[in-house]
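The values are calculated or read from the model by the stated rules, or taken from the named source; none is laboratory data. These numbers come from a predicted model, not from an experiment. Note: ideal-geometry Cβ built from the backbone for every residue, glycine included; neighbour counts use all protein chains shown. In case anyone asks, the SASA skips ligands and DNA or RNA and just uses the protein heavy atoms, side chains included. Shrake-Rupley method; radii C 1.70, N 1.55, O 1.52, S 1.80 Å.
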Amino acid sequence: MFIPPGFDQGSIVTSLGRMVYYTNRQEFWQGGPSESGDRPTQPTLLFLHGFGGGSSAYEWSKVYPAFASDYRILAPDLIGWGRSEHPERNYQIEDYLSTLTEFIKQTCPEPVVAIASSLTAAFTIRVAIYHPEFFKSLILTTPSGLSDFGENYSSSFFAQLVKTPFLDQLLYRTGIATEVGIRGFLQSRQFANPDLIYPEIVQAYLQSALEPNGEYAALSFVRGDLCFDLSRDIPQLTTPTAFIWGRQSQFTGPELGKRLASLNPSAIREFIQLETVGLTPQLEVPAVTIGLIRRFLLELTERSPESAGT
């Protein structure tokens with residue numbers, strides 16, 4: 001699994017097993033302890049990857065090193081993905097809400113900025129509603145529950161097909177967890193420009209997809225077991241939030257994002273649409289994504305009324 005230079009792997013234990021994360025080494029990025037002792041504790045940026053065949057924290061690995069000199073970075077592999085444990089179970093929404101909550105409680109003593117994508121971004125909104133004390137702000141790429149405004153993804157033909165016993169495992173082994181399958185998924189689901197899909201990306205996703213029991217979380221996602229209507233939750237959000245949306249995101253276009261944002265303009269303060277980008281701008285245009293995150297860190301956190309004490 002690819003880990004950027006200057007980062008180490010750690011882990012915590014959740015109710016569903018060991019959860020691996022990647023974090024920056026102080027001596028690499030800040031030069032080690034100062035003469036008068038340890039450097040002041042840095043604010044934390046929490047990067048959370050989305051779901052799909054072979055997803056993992058790699059999804060944010062072209063972005064989070066840009067912040068490692070100024071922030072403490074945490075980038076976990078969610079349970080069932082990457083190097084984290086893969087329990088044999090049909091995953092449910094509560095599994096991810098609870099393990100995200102456990103991870104934050106164990107690793108983040110102070111409120112954090114969460115940077116999350118797609119369905120995990122939607123889960124993060126729910127966690128922020130239940131525990132607003134966990135977060136300073138949210139920066140989210142294409143957040144969607146995939147059943148928003150009454151749409152029912154789980155009734156789609158492909159979701160129903162994957163619910164067929166034995167066929168689901170066969171589809172995973174032959175259609176998802178292969179180099180051809182991964183590249184096809186990236187081309188059709190995540191990238192607007194397939195020329196930007198280079199071999200390292202495909203190999204990182206493939207390694208994650210081939211982890212033992214890797215099919216359980218992926219098939220739960222594809223079946224629609226993890227989908228919900230985010231439009232019902234967004235009005236309750238109070239954490240300052242920004243949306244980044246790829247214009248060419250498949251199935252979850254910017255019209256959906258604008259409609260979701262309009263439900264709570266007091267919390268969702270920024271909406272940026274990227275014209276020639278798909279579902280994962282963090283991989284397709286990482287430099288642009290870094291620039292937008294820097295802007296939102298300033299606008300949502302440092303200049304927010306809450307941080308100014310007004």
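Here is a check on your reading of the model: is Leu46 within 24 Å of Ser208 (Cα to Cα) and either touching a strand residue (DSSP E or B) at 6+ places or on another chain (Cβ under 9 Å) or modelled with pLDDT under 95 (or both)?
Answer is yes for this residue.
Scan region 156-184 for residues that are part of a helix (DSSP H, G or I) and modelled with pLDDT of 90 or more and report the count.
Result for region 156-184: 6.
Are any of the residues in region 227-237 among the small types (Gly, Ala, Ser), more than 22 Å from Leu297 (Cα to Cα) and modelled with pLDDT of 95 or more?
Checked region 227-237: at least one residue is among the small types (Gly, Ala, Ser), more than 22 Å from Leu297 (Cα to Cα) and modelled with pLDDT of 95 or more.
Filter region 252-286 down to the residues that are touching a residue at least 40 places away in the same chain (Cβ under 8 Å) and over 18 Å from Ala116 (Cβ atoms), then identify the one that is surrounded by the fewest Cβ atoms within 10 Å (Cβ to Cβ).
The extreme case among them is Thr276.
Pick from Ile79, Ile73, Ile139, Ile115: which is touching a residue at least 60 places away in the same chain (Cβ under 8 Å), open to solvent by less than 10 Å² (accessible area, probe 1.4 Å), more than 28 Å from Val277 (Cβ to Cβ) and not in a helix (DSSP H, G or I)?
The conditions single out Ile79.
Examine region 223-243 for a residue that is under 24 Å from Gln187 (Cα atoms), open to solvent by less than 30 Å² (accessible area, probe 1.4 Å) and free of Cβ contacts under 8 Å to residues at least 60 places away in the same chain, and state whether such a residue exists.
Within region 223-243 (the criterion being under 24 Å from Gln187 (Cα atoms), open to solvent by less than 30 Å² (accessible area, probe 1.4 Å) and free of Cβ contacts under 8 Å to residues at least 60 places away in the same chain), the answer is no, since none of the residues qualifies.
Residues are listed down the side, and each one gets a yes or a no for (1) within 19 Å of Pro132 (Cα to Cα); (2) not in a helix (DSSP H, G or I):
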position: Tyr205; (1), (2): no, no
position: Glu211; (1), (2): no, yes
position: Thr238; (1), (2): yes, yes
position: Phe243; (1), (2): yes, yes
position: Gln250; (1), (2): no, yes
position: Lys258; (1), (2): no, no
position: Val277; (1), (2): no, yes
position: Ala287; (1), (2): no, no
position: Ile290; (1), (2): no, no
